[in-house]
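First up is the structure itself, then whatever we jot down about it.
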Amino acid sequence: MGTLHHHDPELARTLILDELFDLSLYRALREILSDEEAKKVLDELIQVEIQHLAFWQKFFNSGLDTLDLGRRVKLHAIVLACRLFGTTAVHLILEAIEVYGVRKYLSLWKSYKDQPLGDALKGILMDEFKHEDVLVTQLTERKINAEKIRNIFLGLNDGLVEILGAVSGFFGAFGNAVTVLIAASTTAVAGSLSMAAGAFLALNSEKEVKTTESLKKQFLEEATASTDMEEQPFASAVVVGASYFAGAMVPVLPVLFGATNAVISVLTAGLVIIVVSTILAFLSGMNVRRRIALNLAIITAAVTITYAIGIAAKTLWGISV
C-alpha cells in the first residue's frame with residue numbers, strides 16, 4: 001500500500017491534510033460551543049477524524065501532521081465566522097464539511113475503485129455514510145435550514161450577474177449615467193418581483209401537492225413525514241426577492257454614486273461574486289476555485305455580450321439620450 005505514496009504524493013498530501021483540517025476544525029468548534037449535547041457529538045466526530053488521519057498517514061507511509069498555510073488561514077476564517085454568528089454558523093459549517101467530504105471521497109472512489117486506494121476509500125465512505133453523516137444530521141436536525149441559506153446566496157448571485165449585464169448593455173446603448181441608473185433600477189425591481197412571484201407560485205404548488213399526498217397517507221393510515229422545516233411560500237418569496245434585489249444593487253450603486261461607465265460596476269461585481277461564489281461553493285461542497293472561475297467567466301461573457309448588443313443597438317437604430 002505504501003508504494004502508492006510515491007506515485008501520487010499530491011493526492012496523499014491532500015487526503016492527509018483534509019483529515020487534519022477537519023480534526024483541527026472540530027476541536028476548535030468544540031471550544032466555541034456551550035451546548036453539552038453538541039460537544040458530545042463533536043467528541044465522537046473528533047475520534048472518527050483521529051482514526052481517519054492515522055489511517056491515511058499509515059496508508060501513505062507519511063508523517064505529515066502540520067496544516068499548510070492555506071488551510072490554516074481557512075481554519076481561522078471559519079472559526080472567526082462561528083464566533084461572530086454563533087451556533088447556527090457552526091451547524092451550517094459542519095453540514096457543509098460533511099457534504100464536501102462525501103463528494104470528494106465518492107469522486108476519488110469512482111476513479112480508484114479497482115485499485116488498492118479504492119478499497120481504502122470504500123472504508124472511509126462507509127464511516128462517512130454510517131457514522132459521521134448520522135452524527136452531523138443529529139446535531140443540525142431542526143436547527144438550521146441550509147437550503148434557505150443557499151437560496152439567499154443564489155438570489156444574490158442571480159441578481160448581481162443579471163443586472164450587471166443590464167448595466168453594461170445600457171451603457172453601451174445610452175452612454176448616459178442617469179438613463180442607465182433609471183433603466184437598471186427599474187429592471188432590478190422588476191426582476192426581484194418576478195423572482196419572488198416565481199418562488200411563491202412554485203412553493204405554493206409544491207405545498208398543495210405535499211398536502212394532498214399527506215392527506216392520502218392519512219386516509220390510508222400510513223406514517224407521514226414531519227414538515228417542521230418546510231418552507232413557507234410567502235416567507236420564501238420575500239427572501240428570494242430581497243436577495244435578488246440586494247445582488248442587483250451591487251452593479252447599480254456605483255452608477256448612483258457617480259460612475260460614468262460600466263468599469264467600476266464590473267470591478268465591484270467581480271469582487272462580490274468572488275465572495276458569494278466562495279460561500280456558495282463551501283455550502284454546497286463544490287470546488288471553490290472552479291465555482292469562482294465559472295462565475296467570473298459568466299460575468300465576462302454577460303458584460304461582453306450585453307455591451308456589444310448595446311453598441312449595436314445604438315449604431316443600427318441611432319439611440320441617443
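The values are calculated or read from the model by the stated rules, or taken from the named source; none is laboratory data. Bear in mind that the values here come from a model prediction, so they are computed numbers and not experimental data. Cβ sites come from the backbone with ideal geometry, for glycine too, and all protein chains shown count toward neighbours.
General remarks:
- Between T212, T187, the distinction of being closer than 18 Å to Q232 by Cβ, assigned to a helix (DSSP H, G or I) and β-branched (V, I, T) belongs to T212 only.
- Scope the stretch 70-94; condition free of Cβ contacts under 8 Å to residues at least 40 places away in the same chain and assigned to a helix (DSSP H, G or I); matching residues: G70, R72, V73, H76, A77, L80, A81, L84, F85, A89
- With respect to (1) closer than 29 Å to R289 by Cβ; (2) not in a loop (DSSP other than H, G, I, E, B), the lone exception for L67 is condition (2).
- Any chance G175 is over 20 Å from I299 (Cβ atoms), assigned to a loop (DSSP other than H, G, I, E, B) and in contact with a helix residue (DSSP H, G or I) (Cβ under 9 Å, 6 or more places away or on another chain): yes
For every residue, the table says whether it meets (1) touching a Gly at 6+ places or on another chain (Cβ under 7 Å); (2) farther than 13 Å from N157 by Cα; (3) not hydrophobic (A, V, I, L, M, F, W, C).
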{"position": "N261", "(1), (2), (3)": "no, yes, yes"}
{"position": "V266", "(1), (2), (3)": "no, yes, no"}
{"position": "I274", "(1), (2), (3)": "no, no, no"}
{"position": "A281", "(1), (2), (3)": "no, no, no"}
{"position": "V288", "(1), (2), (3)": "no, yes, no"}
{"position": "N295", "(1), (2), (3)": "no, no, yes"}
{"position": "I309", "(1), (2), (3)": "yes, yes, no"}
{"position": "T315", "(1), (2), (3)": "no, yes, yes"}
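- Matching residues in the stretch 19-55 - criterion: being outside any helix (DSSP H, G or I) and modelled with pLDDT of 90 or more: none
- Hits in the stretch 99-133 - residues which are within 16 Å of I16 (Cα to Cα) and either under 19 Å from the mean Cα position of the chain (by Cα) or of a type in the set (S, T, Y) (or both): Y100, G101, V102, K104, Y105
- Across the stretch 232-283, the number of residues qualifying as within 16 Å of the chain's Cα centre (by Cα), small (G, A, S) and at pLDDT below 90 comes to 2.
- From the options L80, L164, L156, L84, residue that is modelled with pLDDT of 85 or more, in contact with a Pro (Cβ under 9 Å, 6 or more places away or on another chain) and on the phi < 0 side of the Ramachandran plot: L164
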